[in-house]
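S.K.: Would you mind keeping the following structure in view while I ask a few things?
The values are calculated or read from the model by the stated rules, or taken from the named source; none is laboratory data. Just so it is clear, the model here is predicted, and its values are computed rather than measured. Neighbour counts are summed over all protein chains in view; Cβ atoms, including those assigned to glycine, are modelled from backbone coordinates with ideal geometry.
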Amino acid sequence: MTNRILFLLTILLSLAASGQNTSVKIALLKYGGGGDWYGDPTALTNLIAFCNRELGSGIYPEYATVETGSSEIFNYPFVHLTGHGNVVFSDSDARNLRLYLEAGGFLHIDDNYGMDPYIRREMKKVFPEKEFVELPPSHPLFSKKFPFPEGLPKIHEHDNKPPQAFGIFVGNRLVCLYTYESDLSDGWEDIEVHKDPEEIRQKALMMGANIIAFVFGQ
């Protein structure tokens, strides 16, 4: 079963990277714990449109919503998690998410604000033996399509801390990216939501496109 899932995901990722119109879908992760997993409702739609226009990525224009413990997660090569507060994975959620990531899936976690202690706790359920590793500005994630020589851009200010990107690896493959003190997905939202300057929105979208390009090209 695992090999079959890995095969299917590899095919999807390869086709997406080639720019073919594959109707590959990406998804928003619905998690437990009472946090606002549904935050930034226009973010992924705008990121998909940007990536299809700038990368020729052929992603289906509407994102899906998938629960952490659902077998449906294996239909999506890229899953996005965001919010402001508590995140809880049950034991079965954690097992399912680990299998998904080991089989070829990818999880992007974007802390809107206040999520850090919870996501670190819950990802320890998924990979008890692993730690988040900070990605340096020299990592190819920051130059895959658009150059970010200083690393992760700052989109929204919260605690006057520098933006950081952390990863979890299975072998040499990045399976989870955690973007902290940046708030990328707020920058992907419709301009009316946060009224960010267009320059800031473009930085957020370009960094998001880099993530998509890197994941689909791994």
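S.K.: Hey, among Gly39, Gly69, which residue is under 22 Å from Phe89 (Cα atoms), touching a His at 6+ places or on another chain (Cβ under 8 Å) and buried (at least 17 other Cβ atoms within 10 Å of the Cβ)?
M.R.: Gly39
S.K.: Taking the residues in the range 179-218 that are in contact with a Ser or Thr (Cβ under 8 Å, 6 or more places away or on another chain) and surrounded by fewer than 20 Cβ atoms within 10 Å (Cβ to Cβ) as candidates, determine which candidate is nearest to Glu102 (Cα to Cα).
M.R.: Here the answer is Asp190.
S.K.: Continuing with this model, one more query. Tell me whether the range 35-52 contains one or more residues that are charged (D, E, K, R) and either farther than 20 Å from Ser182 by Cβ or assigned to a helix (DSSP H, G or I) (or both).
M.R.: no
S.K.: Applying the selection to the range 174-212, what residues are under 18 Å from Phe78 (Cβ atoms), in a helix (DSSP H, G or I), modelled with pLDDT of 95 or more and not hydrophobic (A, V, I, L, M, F, W, C)?
M.R.: Gly208, Asn210, listed by residue number.
S.K.: Report the residue count in the range 127-146 for those that are in contact with an Asp or Glu (Cβ under 9 Å, 6 or more places away or on another chain) and touching a residue at least 40 places away in the same chain (Cβ under 8 Å).
M.R.: 3
S.K.: Would you tally the residues in the range 141-154 being more than 16 Å from the chain's Cα centre (by Cα) and either part of a helix (DSSP H, G or I) or more than 17 Å from Ile212 (Cα to Cα) (or both)?
M.R.: Residues flagged as more than 16 Å from the chain's Cα centre (by Cα) and either part of a helix (DSSP H, G or I) or more than 17 Å from Ile212 (Cα to Cα) (or both) within the range 141-154 amount to 3.
S.K.: Here's a follow-up. Only one of these conditions is not met by Tyr113: (1) part of a loop (DSSP other than H, G, I, E, B); (2) more than 19 Å from Leu177 (Cα to Cα). Which number is it?
M.R.: The one condition Tyr113 does not meet is (2).
S.K.: Within the range 157-178, track down each residue that is crowded, with 17+ Cβ neighbours inside 10 Å and either charged (D, E, K, R) or in contact (Cβ under 8 Å) with a residue 40 or more places away in the chain (or both).
M.R.: Ile168, Leu174, Val175, Cys176, Leu177, Tyr178
S.K.: For the range 109-124, indicate whether the set of residues that are charged (D, E, K, R), surrounded by 20 or more Cβ atoms within 10 Å (Cβ to Cβ), more than 18 Å from Ser185 (Cβ to Cβ) and modelled with pLDDT of 95 or more is non-empty.
M.R.: Checked the range 109-124: at least one residue is charged (D, E, K, R), surrounded by 20 or more Cβ atoms within 10 Å (Cβ to Cβ), more than 18 Å from Ser185 (Cβ to Cβ) and modelled with pLDDT of 95 or more.
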